[in-house]
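Chemist: Sharing a structure below in C-alpha coordinates format, with a few things to ask.
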Amino acid sequence: MKRIIIYVFFTAFVTAVAAQTSVVEQDLETWSGVGIEAKLGKKWNLEIEEQLRLNKNSSTLDEYFTGASVKYTIIKKHLKVATGYRYISENNLESVYDKEQRFNFDIIYLHSFNQLKFSTRLRYQNRNDIGEKIADGDYPRQYYRLRLKTEYKIKNWKLDPIMSVEFFRKYEKYILPYFSDFRFRIGTKYNMKKFGEVQAFYQIDKELGVSYPQTTYVIGLAYRYNFGNILNK
(Lines give C-alpha, C1' and ligand atoms only; values in the text may rest on other atoms or scores of the structure.)
Protein backbone atom coordinates (compact mmCIF):
# COMPACT_ATOMS: atom_id res chain seq x y z
CA MET A 1 0.00 0.00 0.00
CA LYS A 2 2.80 2.45 0.90
CA ARG A 3 4.50 1.88 -2.46
CA ILE A 4 1.22 2.47 -4.30
CA ILE A 5 0.62 5.81 -2.54
CA ILE A 6 4.18 7.00 -3.19
CA TYR A 7 3.84 5.99 -6.85
CA VAL A 8 0.59 8.00 -7.20
CA PHE A 9 2.23 11.14 -5.83
CA PHE A 10 5.35 10.68 -7.95
CA THR A 11 3.24 10.22 -11.09
CA ALA A 12 1.25 13.38 -10.33
CA PHE A 13 4.46 15.36 -9.83
CA VAL A 14 6.01 14.14 -13.09
CA THR A 15 2.78 14.96 -14.96
CA ALA A 16 2.71 18.49 -13.56
CA VAL A 17 6.35 19.13 -14.42
CA ALA A 18 6.06 17.65 -17.92
CA ALA A 19 3.03 19.82 -18.66
CA GLN A 20 5.13 22.96 -18.21
CA THR A 21 6.49 22.63 -21.75
CA SER A 22 3.16 23.78 -23.21
CA VAL A 23 2.51 26.52 -20.66
CA VAL A 24 2.33 30.05 -22.01
CA GLU A 25 1.60 31.98 -18.82
CA GLN A 26 3.63 31.49 -15.65
CA ASP A 27 4.15 33.26 -12.36
CA LEU A 28 6.12 32.86 -9.15
CA GLU A 29 4.29 33.64 -5.92
CA THR A 30 5.43 33.85 -2.31
CA TRP A 31 3.09 32.94 0.54
CA SER A 32 3.96 33.71 4.15
CA GLY A 33 1.92 33.46 7.30
CA VAL A 34 1.68 33.11 11.05
CA GLY A 35 -0.87 31.11 12.97
CA ILE A 36 -1.92 29.77 16.33
CA GLU A 37 -3.87 26.70 17.29
CA ALA A 38 -5.29 25.16 20.44
CA LYS A 39 -7.31 22.17 21.53
CA LEU A 40 -10.64 22.87 23.21
CA GLY A 41 -11.15 19.73 25.23
CA LYS A 42 -10.85 16.25 23.74
CA LYS A 43 -12.62 16.71 20.40
CA TRP A 44 -12.46 20.36 19.36
CA ASN A 45 -9.55 22.22 17.79
CA LEU A 46 -9.29 25.95 16.96
CA GLU A 47 -6.93 27.54 14.42
CA ILE A 48 -6.36 31.21 13.55
CA GLU A 49 -3.95 32.44 10.88
CA GLU A 50 -2.84 35.58 9.10
CA GLN A 51 -1.38 35.20 5.62
CA LEU A 52 0.16 37.45 2.97
CA ARG A 53 0.58 36.47 -0.69
CA LEU A 54 2.74 38.12 -3.36
CA ASN A 55 2.39 37.55 -7.10
CA LYS A 56 3.88 39.00 -10.33
CA ASN A 57 7.13 37.13 -9.63
CA SER A 58 6.67 37.93 -5.94
CA SER A 59 6.91 41.70 -6.55
CA THR A 60 3.26 42.72 -5.96
CA LEU A 61 0.92 42.24 -3.04
CA ASP A 62 -1.84 39.99 -4.35
CA GLU A 63 -3.92 39.47 -1.23
CA TYR A 64 -3.82 39.15 2.54
CA PHE A 65 -6.35 37.55 4.81
CA THR A 66 -7.30 36.56 8.33
CA GLY A 67 -8.74 33.09 8.71
CA ALA A 68 -10.23 31.02 11.50
CA SER A 69 -11.39 27.41 11.58
CA VAL A 70 -12.74 24.87 14.03
CA LYS A 71 -12.31 21.12 13.76
CA TYR A 72 -14.30 18.36 15.46
CA THR A 73 -13.08 14.77 15.91
CA ILE A 74 -15.74 12.17 15.18
CA ILE A 75 -13.51 9.09 15.34
CA LYS A 76 -10.19 9.55 17.13
CA LYS A 77 -7.18 9.48 14.75
CA HIS A 78 -9.42 8.72 11.76
CA LEU A 79 -12.39 10.98 11.00
CA LYS A 80 -12.86 14.73 11.48
CA VAL A 81 -15.07 17.53 10.19
CA ALA A 82 -14.14 21.21 10.03
CA THR A 83 -15.48 24.58 9.02
CA GLY A 84 -13.62 27.82 8.35
CA TYR A 85 -13.96 31.49 7.44
CA ARG A 86 -11.59 33.97 5.75
CA TYR A 87 -11.79 37.74 5.54
CA ILE A 88 -9.80 38.64 2.42
CA SER A 89 -8.35 41.83 0.95
CA GLU A 90 -7.55 41.22 -2.72
CA ASN A 91 -5.66 43.53 -5.07
CA ASN A 92 -7.87 44.40 -8.07
CA LEU A 93 -4.88 45.68 -10.11
CA GLU A 94 -5.91 49.31 -9.55
CA SER A 95 -4.16 49.68 -6.19
CA VAL A 96 -7.53 49.17 -4.52
CA TYR A 97 -8.21 46.14 -2.35
CA ASP A 98 -11.59 44.45 -2.73
CA LYS A 99 -13.06 42.90 0.40
CA GLU A 100 -14.11 39.29 0.05
CA GLN A 101 -15.09 36.43 2.30
CA ARG A 102 -14.71 32.68 2.03
CA PHE A 103 -16.49 29.86 3.79
CA ASN A 104 -15.51 26.20 3.72
CA PHE A 105 -16.68 22.89 5.11
CA ASP A 106 -14.35 19.86 5.28
CA ILE A 107 -14.58 16.12 5.81
CA ILE A 108 -11.19 14.61 6.69
CA TYR A 109 -10.16 10.96 6.87
CA LEU A 110 -6.78 9.97 8.35
CA HIS A 111 -4.89 6.70 8.53
CA SER A 112 -1.35 5.55 9.37
CA PHE A 113 0.79 2.76 7.90
CA ASN A 114 3.77 2.46 10.25
CA GLN A 115 5.86 5.59 9.50
CA LEU A 116 3.52 6.80 6.75
CA LYS A 117 0.59 9.09 7.59
CA PHE A 118 -2.13 9.42 4.98
CA SER A 119 -5.09 11.81 4.86
CA THR A 120 -7.92 12.59 2.47
CA ARG A 121 -9.81 15.87 2.62
CA LEU A 122 -13.00 16.75 0.74
CA ARG A 123 -13.76 20.48 0.93
CA TYR A 124 -16.71 22.58 -0.16
CA GLN A 125 -15.65 26.23 -0.65
CA ASN A 126 -17.75 29.35 -1.28
CA ARG A 127 -16.16 32.76 -1.96
CA ASN A 128 -17.84 36.07 -2.81
CA ASP A 129 -17.44 39.85 -2.56
CA ILE A 130 -18.58 41.58 0.60
CA GLY A 131 -21.31 44.18 0.13
CA GLU A 132 -22.34 43.03 -3.35
CA LYS A 133 -25.44 41.06 -4.25
CA ILE A 134 -26.36 38.45 -6.84
CA ALA A 135 -28.55 41.13 -8.45
CA ASP A 136 -25.34 43.12 -9.06
CA GLY A 137 -23.76 40.14 -10.83
CA ASP A 138 -21.76 38.89 -7.83
CA TYR A 139 -22.28 35.15 -8.05
CA PRO A 140 -20.41 33.07 -5.45
CA ARG A 141 -17.37 31.16 -6.71
CA GLN A 142 -17.96 27.62 -5.52
CA TYR A 143 -15.55 24.70 -5.51
CA TYR A 144 -15.34 21.12 -4.41
CA ARG A 145 -11.72 20.27 -3.60
CA LEU A 146 -10.24 16.81 -3.10
CA ARG A 147 -6.80 16.60 -1.49
CA LEU A 148 -4.63 13.52 -0.89
CA LYS A 149 -1.76 14.07 1.52
CA THR A 150 1.07 11.96 2.92
CA GLU A 151 3.73 12.52 5.57
CA TYR A 152 6.60 10.08 6.05
CA LYS A 153 8.27 9.82 9.44
CA ILE A 154 12.03 9.31 9.09
CA LYS A 155 13.79 7.97 12.15
CA ASN A 156 16.22 10.42 13.78
CA TRP A 157 15.33 13.11 11.25
CA LYS A 158 13.36 16.29 12.05
CA LEU A 159 12.50 17.42 8.50
CA ASP A 160 10.01 14.75 7.48
CA PRO A 161 8.75 15.06 3.86
CA ILE A 162 5.11 16.04 3.29
CA MET A 163 3.47 15.68 -0.15
CA SER A 164 -0.02 16.40 -1.41
CA VAL A 165 -2.03 16.56 -4.61
CA GLU A 166 -5.33 18.40 -4.92
CA PHE A 167 -8.01 18.78 -7.60
CA PHE A 168 -10.46 21.71 -7.79
CA ARG A 169 -13.90 21.28 -9.34
CA LYS A 170 -15.56 24.64 -10.04
CA TYR A 171 -19.24 25.50 -10.08
CA GLU A 172 -20.26 28.69 -11.90
CA LYS A 173 -23.55 30.27 -12.88
CA TYR A 174 -24.78 29.05 -16.30
CA ILE A 175 -21.70 26.81 -16.78
CA LEU A 176 -21.47 23.05 -16.27
CA PRO A 177 -19.14 22.03 -13.40
CA TYR A 178 -15.58 21.36 -14.51
CA PHE A 179 -12.13 20.61 -13.07
CA SER A 180 -10.47 24.03 -12.99
CA ASP A 181 -7.15 23.55 -11.17
CA PHE A 182 -4.57 20.99 -10.13
CA ARG A 183 -2.17 21.51 -7.22
CA PHE A 184 0.97 19.63 -6.23
CA ARG A 185 2.86 20.48 -3.04
CA ILE A 186 5.98 19.13 -1.37
CA GLY A 187 7.26 20.48 1.91
CA THR A 188 8.38 19.86 5.45
CA LYS A 189 8.06 21.25 8.95
CA TYR A 190 10.44 21.76 11.83
CA ASN A 191 9.18 21.45 15.41
CA MET A 192 10.95 23.81 17.81
CA LYS A 193 9.04 22.28 20.74
CA LYS A 194 8.14 25.11 23.15
CA PHE A 195 8.87 27.76 20.51
CA GLY A 196 6.38 26.59 17.88
CA GLU A 197 6.76 25.12 14.42
CA VAL A 198 8.13 26.36 11.09
CA GLN A 199 6.60 25.07 7.86
CA ALA A 200 8.05 25.39 4.35
CA PHE A 201 6.82 24.15 0.97
CA TYR A 202 7.12 24.39 -2.80
CA GLN A 203 3.91 24.25 -4.80
CA ILE A 204 2.77 24.02 -8.43
CA ASP A 205 -0.71 25.25 -9.36
CA LYS A 206 -1.93 24.59 -12.87
CA GLU A 207 -5.16 25.67 -14.55
CA LEU A 208 -7.20 23.02 -16.33
CA GLY A 209 -9.72 23.20 -19.14
CA VAL A 210 -8.52 26.44 -20.78
CA SER A 211 -6.58 27.10 -23.98
CA TYR A 212 -3.75 29.02 -22.32
CA PRO A 213 -3.43 27.61 -18.80
CA GLN A 214 -1.71 29.57 -16.08
CA THR A 215 0.97 27.74 -14.12
CA THR A 216 1.88 29.27 -10.78
CA TYR A 217 4.90 28.26 -8.73
CA VAL A 218 4.65 29.04 -5.04
CA ILE A 219 7.28 29.23 -2.32
CA GLY A 220 5.68 29.18 1.12
CA LEU A 221 6.93 29.78 4.66
CA ALA A 222 4.81 29.87 7.81
CA TYR A 223 5.16 29.91 11.57
CA ARG A 224 2.64 28.23 13.85
CA TYR A 225 2.37 28.09 17.63
CA ASN A 226 0.34 25.43 19.47
CA PHE A 227 -1.07 26.32 22.90
CA GLY A 228 -2.07 22.72 23.61
CA ASN A 229 -5.30 21.90 25.38
CA ILE A 230 -6.30 25.21 26.95
CA LEU A 231 -9.44 23.82 28.60
CA ASN A 232 -7.61 21.15 30.60
CA LYS A 233 -4.99 23.41 32.17
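The values are calculated or read from the model by the stated rules, or taken from the named source; none is laboratory data. Only a predicted model underlies this, so the values are computations on that prediction, with no experimental measurement involved. No Cβ is skipped: glycine too gets one built from the backbone with ideal geometry, and neighbour counts run over all protein chains shown.
Chemist: Might you check whether a residue that is charged (D, E, K, R) and touching a Gly at 6+ places or on another chain (Cβ under 6 Å) occurs anywhere in the range 118-130?
Modeler: No, the range 118-130 contains no residue that is charged (D, E, K, R) and touching a Gly at 6+ places or on another chain (Cβ under 6 Å).
Chemist: For the structure I just gave you, tell me whether Ser119 is at pLDDT below 95 and either assigned to a strand (DSSP E or B) or surrounded by fewer than 18 Cβ atoms within 10 Å (Cβ to Cβ) (or both).
Modeler: Values: at pLDDT below 95: no; either assigned to a strand (DSSP E or B) or surrounded by fewer than 18 Cβ atoms within 10 Å (Cβ to Cβ) (or both): yes.
Judged against the criteria, Ser119 is not a match.
Chemist: Can I ask one more? Could you tell me which residue of the range 56-75 is surrounded by the fewest Cβ atoms within 10 Å (Cβ to Cβ), considering only residues that are over 17 Å from the mean Cα position of the chain (by Cα) and among the polar types (S, T, N, Q)?
Modeler: The residue in question is Ser59.
Chemist: Checking Gly131 against (1) surrounded by fewer than 15 Cβ atoms within 10 Å (Cβ to Cβ); (2) within 24 Å of Arg224 (Cα to Cα), only one condition comes out false. Which one?
Modeler: (2)
Chemist: State all residues of the range 76-88 that are under 21 Å from Leu54 (Cβ atoms) and either surrounded by 15 or more Cβ atoms within 10 Å (Cβ to Cβ) or at pLDDT below 90 (or both); if no residue qualifies, say none.
Modeler: Arg86, Ile88
Chemist: Among the numbered conditions (1) in a loop (DSSP other than H, G, I, E, B); (2) of a type in the set (A, V, I, L, M, F, W, C); (3) touching a residue at least 12 places away in the same chain (Cβ under 8 Å), tell me where Ile186 comes up short.
Modeler: (1)
Chemist: Next question. Say we look at the range 135-147 and pick out the residues that are free of Cβ contacts under 8 Å to residues at least 24 places away in the same chain and either closer than 30 Å to Ile204 by Cα or in contact with a Pro (Cβ under 8 Å, 6 or more places away or on another chain) (or both); which of these is surrounded by the fewest Cβ atoms within 10 Å (Cβ to Cβ)?
Modeler: Per the criteria, the residue is Asp138.
Chemist: While we're looking at this one, here's another question. Looking only at the range 38-55, how many residues end up being charged (D, E, K, R), surrounded by 18 or more Cβ atoms within 10 Å (Cβ to Cβ) and over 14 Å from Tyr85 (Cα atoms)?
Modeler: Count: 2.
Chemist: Give the residue that is nearest to Gly67 (Cα to Cα), with candidates limited to residues of the range 189-233 that are of a type in the set (A, V, I, L, M) and in a strand (DSSP E or B).
Modeler: Filtering the range 189-233 for residues that are of a type in the set (A, V, I, L, M) and in a strand (DSSP E or B), the one nearest to Gly67 (Cα to Cα) comes out as Ala222.
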